[in-house]
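Since the structure comes first, as structure tokens, the remarks are kept for the end.
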Amino acid sequence: MSEQAPKRLNKYISDTGLCSRREADKLIEQNRVTVNNQPPELGTKIGPSDTVKVDGKVVGAVASDKSDRVYIVYNKPIGITCTTERHVKGNIIDAIGHKERIFPVGRLDKPSEGLIILTSDGDIVNKILRAENAHDKEYEVTVNQPISERFVKRMARGVPILGTVTKPCIVKPTGKNKFTIILTQGLNRQIRRMCEFLGYEVTKLKRTRIMHLELSNLKAGQWRNLTERELATLQNAVKHSVKTV
């Protein structure tokens, strides 16, 4: 390993770009991971002399300066599923076809489209995904009927879904049945559920921005590497983010 300090096993695996930390926990629970050829516990710490294998294949440590990591933005088309499971038809990994092993930061559900970040840097994934970090995401939304002033105010104030009340957000009408919304949360199918609670159905949902990263002229199905400036800004933005250890 390039770092001397021990790492938690799930962080060690996610840092390699194999999967996210949460997915690494699942691999451990499914007995697909060994440490020194023995089944580990979830909280196992990995040191320089340990050998980690996933599905029998050695997972090597990554460069500490992150020079070997990939950061891209992708304009996900409708119909693509944000999963690294290759047996799933239309999975995002096969759709992009990147030569390096990457995984998505968060999700966009299958009927939705727009910007999503993919990377091999598991550490930055966890920093971005933590809701406490309040990293904003902007969406363009079309619903099945004209929106009212009450609808806009209720959406912005927060509505009860999934056993909680959504955090206040910014909602701006852009047409008879269209609006933009800026969220700092990532609840499951959040915008669709919020609209459903108020009696509306989402007919089109497109994410146009995550923090400072925008779709710009990226067409559906296209991806590009982050520029050096974009990456520097991203790393600075999450530098003080709360993260699990």
- Task: Starting from residues that are free of Cβ contacts under 8 Å to residues at least 24 places away in the same chain and among the hydrophobic types (A, V, I, L, M, F, W, C), keep the ones in segment 121-169 and report whichever is nearest to Lys76 (Cα to Cα).
- Result: Cys169
- Find the residue count for segment 164-195, including only residues that are modelled with pLDDT under 95 and among the small types (Gly, Ala, Ser). 1
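With the structure loaded, tell me whether Pro48 is in contact with a strand residue (DSSP E or B) (Cβ under 7 Å, 6 or more places away or on another chain) and farther than 18 Å from Arg101 by Cα or whether it fails that test.
Numbers: in contact with a strand residue (DSSP E or B) (Cβ under 7 Å, 6 or more places away or on another chain): no; farther than 18 Å from Arg101 by Cα: yes.
Considered against the rule, which asks whether it is in contact with a strand residue (DSSP E or B) (Cβ under 7 Å, 6 or more places away or on another chain) and farther than 18 Å from Arg101 by Cα, Pro48 comes out as no.
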- Query: If Asp55 satisfies every condition in (1) surrounded by fewer than 12 Cβ atoms within 10 Å (Cβ to Cβ); (2) closer than 30 Å to Gly221 by Cα but one, which is the exception?
  - Reply: (2)
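In segment 95-114, what residues are assigned to a strand (DSSP E or B) and either on the phi > 0 side of the Ramachandran plot or of a type in the set (Phe, Trp, Tyr) (or both)? Walk me through it before giving the result.
Kept after step one, since they are assigned to a strand (DSSP E or B), are these residues of segment 95-114: 103-104, 113-114.
Of everything in segment 95-114, those that are assigned to a strand (DSSP E or B) and either on the phi > 0 side of the Ramachandran plot or of a type in the set (Phe, Trp, Tyr) (or both) turn out to be Phe103, Gly114.
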- Would you point out which residue out of Ser112, Ser14, Ser49, Ser2 is under 30 Å from Leu215 (Cα atoms), modelled with pLDDT under 90 and not β-branched (Val, Ile, Thr)? Ser14
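Going through segment 24-46 one residue at a time, which ones are modelled with pLDDT of 85 or more and open to solvent by 50 Å² or more (accessible area, probe 1.4 Å)? Full working, then the answer.
Start the filter on segment 24-46 by keeping residues that are modelled with pLDDT of 85 or more, which leaves 24-40, 44-46.
Residues satisfying the conditions are Lys26, Glu29, Gln30, Asn31, Arg32, Asn36, Asn37, Gln38, Pro39, Lys45.
The values are calculated or read from the model by the stated rules, or taken from the named source; none is laboratory data. Fair warning: this is a prediction, and the values are worked out from it, not measured in the lab. Glycine also receives a Cβ, built like all others from the backbone with ideal geometry; neighbour counts cover every protein chain displayed. Only protein heavy atoms, including side chains, enter the accessible area calculation; ligands, DNA and RNA are left aside. Shrake-Rupley method; radii C 1.70, N 1.55, O 1.52, S 1.80 Å.
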